[in-house]
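No lab work stands behind these numbers, since they all come straight from the coordinates. Note that the structure is predicted; figures quoted are calculated from it, not measured. Quick reminder, even Gly has a Cβ in these numbers, built from the backbone with ideal geometry, and neighbours come from all protein chains shown.
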Amino acid sequence: MKAPLLRWLSAPDLSRVSQLQLLAKGVVEGVSGGLHRSHHIGSSIEFKEHRPYVPGDETRSIDWKLFGKTDRLYIRQYEDETNLRCTIAIDQSGSMRYAGSRCNGISKHEFAVRLAACLAYMLVNQQDAVGLATFDSKIRTYIPPRSRPNHLQTLFEAMSVSKPGNETDLSIVLQSLLNHCKRRGLVFLISDCFGDAAAIVKSLALLRSNYQEIVLFQIWDDDEIDFPFQTRTMFRSLELESHQVLIDPTSLRAAYLENLQSFRRELQQGCMQNRVDLVSVTTSDSYSAVLSNYIAMRRNRA
Amino acid sequence: MTLLNGLLAFGAAAFTIPLIIHLLHRSRYQTVEWGAMHLLQSSRNHNSRRMQWQQLLLLLLRCALPILLALAMARPLLQSFLSEDGQSAMSMAIVLDDSMSMFTTDQPDAKDSVKTRFSVACQSAAEILQELPAGSNCIVLLGGAKPEALTGQVPDELASKLSEVGKRSIPAGEFNWEESIQTSLQWLATSQHPRRHLVLISDFQKHEWTSILSPQPERSDYGTIRPEVSFLSVSPNTESTTLSQPLNLSVHAVDVTPSILTVERPASILTTLGNHGATQSDGVVVAVFVDDLEIDRQEVFIAATSTTQIRSRWSPKQTGDHVIRVQILRDDQLIADNHFSTSAIVQDPIPILLVDGDRRSEIMQSETDFLRLAFSPLSLLSGEKGDVFLSKTITPEELSESTLKKYRTVCLCNVREVNDVQQKWLHDYVEQGNGLMIFLGDKVRTEQYQTWPTLSNNGLRIANYATRMKVRSEPAESPDSQLSSVDGALGAGGRIRTQQIEFLPLREMSSASLNSLASVRFEYRTPMELDPAALKIPSDASVAVRFEDDQAWVLESRIGKGRCLWITTACDDDDSNLPTRSIYVPLVQKLAAFVCNAAPPDTTVVASDRWMRTINASKWDPDGPTKQVRVTKPDGQVVTVPLAADGNMQFNDTRLLGPYFATLVGSKPNLSSNESRRNLSLEPMVVCARSQDWRSSQESNLTYLTPGEMAKLTANCNATSSVSARELLNTFRLNWHGREVWTWIWTVLVLCFLAEMGLEQSLSPRLKSKSVPDTRQSVRGSMS
């Protein structure tokens, strides 16, 4: 059996991802140095402002040169840089088990895991803290963010045991994720987001209001996008086995695609309103390419 | 609903093909484990019901296509009860029996107020016609003798005509139901209406229908649609038998002898009477009328179901055509057969010229003495008038062209030789339509006759002559045979071959009787050998009568309009015992009448047969337009027919029984003293139409089909039977009527086909894929 890292990531993926750097859009909380700005004023080297001295301040913080010039006591304040606390949430509901005919046998869940592995590898390499949450109808696994290099092995092992199967309710899961993400951070939500779009958007807004930056990777299979079925088909639900419908796909295709557009539009508008990055990807895409494209776009946007 | 091509309707079973395909298609599907059920479910909620209806509609359309196609090809006849939709137009052919039996009255005592069955039939037919729906077309055929169609554009017009026809009292010939039905079916086959009816109104005499009381093969001459056949009987619906028949006397036939009548020549009128009733009839008064003048009245007794004959004498007073009518002066159930009419033609004596080649002063020694006696027996023996022929004897030297013009026939009797000029006269004389008889006796110089020009060279000769010879004959059966032996070569055959006489005038003389040629013995003859090839004789020269050794006795040739007869024996008793036989007089008279076309034309014709008459109209307005003949039919109707250039008149419409009078139309010629009115055709010409021979005709036998036989007939013909027009109309109303609707079905079929194509296209995946957005590109491009 391959090592978890090599199992999920190929050598070209690793080489491509290792050169990426993900920057948080806003300030993040952290104690160790990193790439990201923090609202904690500390001993970093980047000057922020002066303020008048008040009793109780450390005397080492007094700017004696300015005292000599102005004959007043001012305190020098520096902006602190810290590491990023990232949580990767992987949807392991039954719907993620779908693997179409045009995706080389990779299910949406496998694609999500590989994408998450790339993210974790990239973030750990830039000394950010990375945590993992897997969920279906509730959070099944939660690993708090760590920035130690050997934490990556923990994450990969957790990913490898993740099995899709049950129903999902993303809105409830996001609300329960709040209990684990009490500090500022970045949440990578990798899911197909199947469910009530309005409820999902509402939960995203709640998570967003708790100082969490959210990047939502919505995973699609090509079959779910263009609905290519021609013959009479019995569609059996991946989440609830008793739920099945026998239909003529040709007659329903137009309505299906219309519903798909509507669903995506609603989710997209909700994400935009709450400043959530929504990245729609299909399982036929290269996950490393998707990730690099997204980071490049994010960097340009910043 | 009736299917005209019912077998093709089984093609409707093909509707199961799309149904089976649909069911098989339903049972076969793939299974996909699917995640985005929420998208699918909402789509299904929106569309599933509509799509189900569309699929169901498509299935119905596909099932309907073969059903409609099969129905259209099966030519359905949409039917409904008359009370609902009985006013659709129809075609109806009505065959009316107008034979003699239909003129029976059921209550003979009150004849003024009682109608004949024919009038009842006409009234019933009119009633049926008046009840026909608007737009219907119909035909009425009078079925007696030769069927006659009453013309009319609309049923009401025909109904009014029928009321007029119903007043007629003149019957037609025997009911020709077979030709009537055939004509009706042919007319119905060309009809445009799908509702077709054939109504036959008759009294259903037993003898007419006995032939089809046994099961008959189905007719196939009615075209595509078999018409409904209905019988309407106007006869009493009882188990009638011959024994129960009421009084019914009839005049079967009237025969006038002799066949050639001349003024003052006594004629015999033989009347055959019959009694079809079950009781004998005493004191039946029978009157004989000639030209409506009663010439005889007799009282006869006729036993039950038997016949009797009466004979009346009539001595014609003037030439011309006469109508002889025999009338039973007693009313019975069928009055129409109580009288019978025939016609008799009284001619002028036929002038005949006898050229005697062996004239002697002794009595009965001249060559022509026997002929003179045979042609004019009455005047020569008893000094009475009435001879058919008026003869004159001359010598060969007296034969001239001017003399010939006065006679219709010339007899050269043992004339030694005829010079070339006389031959030419005689040739022209015959060519103009007169007759020539040449008797070859012992005076004849055959060498001179052999030099005559042949027929092909405008001459008279048709054969080669041999030397007069003696023939060997068996002893004569008759004791008065006193033939003596004379010189000459011995020959064979002194008897006439009577078995094979096809010569029309002498055909009836071949039978063994007093008037038979079998008793005649010949001793001498002048052989004539007919050699058409060598002499280039046309085919209208032939040997008419032969001896038993196959040698010719009588040879016949046609020259122009006339005839020439060569008799190889003399006309006196030198060569045979013929002049001493009783056959001699009729034989020479028949030969003379035949050779000059003196036989009277037909005096009666069978109803519907053609009446042909040669009319001398040469002096009627010779420079005028085409001559016409006005024919007055027995019912008084007048018809004008053209007269052919050769003087022949042809009249075909003789279906009514009774006398037909024909008169020339135009300016009449002036009557000169030496010509009779008859020769100038000033008098009307008459022919009487009669039924078939009374021995085979049973029109007067009022025996009808019994109810059981009628039911059998109805079943055999797959028909319905009624006894009144009202009952027949009620039967119509109870039956189905219909309209052919295949054109509608074709229209629906085409519409269904177009709808199926449209629906199929609207449900086509390819078409749908063009109408939906490319969500794949939009997903890939979205990264917010």
- Item | Cα centroid separation, the stretch B:337-380 to the stretch B:693-731 (Å) | 55 Å
- Query: On average over all directions, what projected area in square nanometres does the stretch B:530-635 have, based on the convex hull of its Cα atoms?
  - Reply: 12.3 nm²
- Item | Cβ-based exposure ranking for A:Leu246, A:Leu132, B:Leu7, in which fewest neighbours within 10 Å come first | B:Leu7, A:Leu246, A:Leu132
- Query: Using the alpha-carbon centroid of each, what span in Å lies between the stretch A:112-133 and the stretch B:584-643?
  - Reply: 134 Å
- Task: Using only C-alpha positions, report the orientation-averaged shadow area of the convex hull of the stretch A:92-179, nm², one decimal.
- Result: 5.9 nm²
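Taking the Cα centre of the stretch B:589-641 as origin, work out the dipole magnitude from +1 charges on Lys and Arg Cβ and -1 charges on Asp and Glu Cβ, in debye rounded to 20.
Using only the charged Cβ atoms, the result is roughly 80 debye.
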- Note on the structure: For B:Lys561, the lysines lying under 19 Å Cα to Cα, once residues fewer than eight places off in the same chain are dropped, come out as B:Lys405, B:Lys406, B:Lys424, B:Lys590
- Calculate, for A:Gln175 and A:Arg265, the FRET efficiency according to 1/(1 + (r/R0)^6) with r their C-beta to C-beta distance and R0 22 Å; round to the nearest 0.05. 0.40
- Sorted from fewest to most neighbouring beta carbons within 10 Å, what does the list B:Phe522, B:Phe289 look like? B:Phe289, B:Phe522
- Item | Per-residue average of Cβ from other chains inside 10 Å of B:20-32 | 3
- Item | Derived scalar couplings ³J(HN,Hα) [the stretch A:277-282; Karplus, 6.51 cos²θ - 1.76 cosθ + 1.60; whole Hz; x for Gly, Pro] | 6, 10, 10, 8, 10, 10
- Among B:Phe651, B:Phe389, what is the fewest-to-most ranking by other Cβ atoms within 10 Å? B:Phe651, B:Phe389
- Query: What are the lysines whose alpha-carbon lies under 20 Å from the alpha-carbon of B:Lys161, with same-chain residues fewer than 8 places away excluded?
  - Reply: B:Lys115, B:Lys146, B:Lys633
- Message: Expected output is a single nm value to one decimal: the length gained when fully extending between B:Asp156 and B:Leu23, i.e. 0.36 nm times separation in residues minus the C-alpha distance. What is it?
- Response: 41.9 nm
- Message: Percent of Cα-Cα pairs more than 11 Å apart in the stretch B:347-387, please.
- Response: 67 percent
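Taking beta carbons within 10 Å but only from partner chains, what does the mean come to for residues A:217-227?
The mean count of partner-chain Cβ atoms within 10 Å per residue comes to 4.
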- What are the semi-axes of the equivalent ellipsoid for the stretch B:292-367, taken as the square roots of 5 times the Cα gyration tensor eigenvalues, largest first, in whole Å? 45, 17, 11
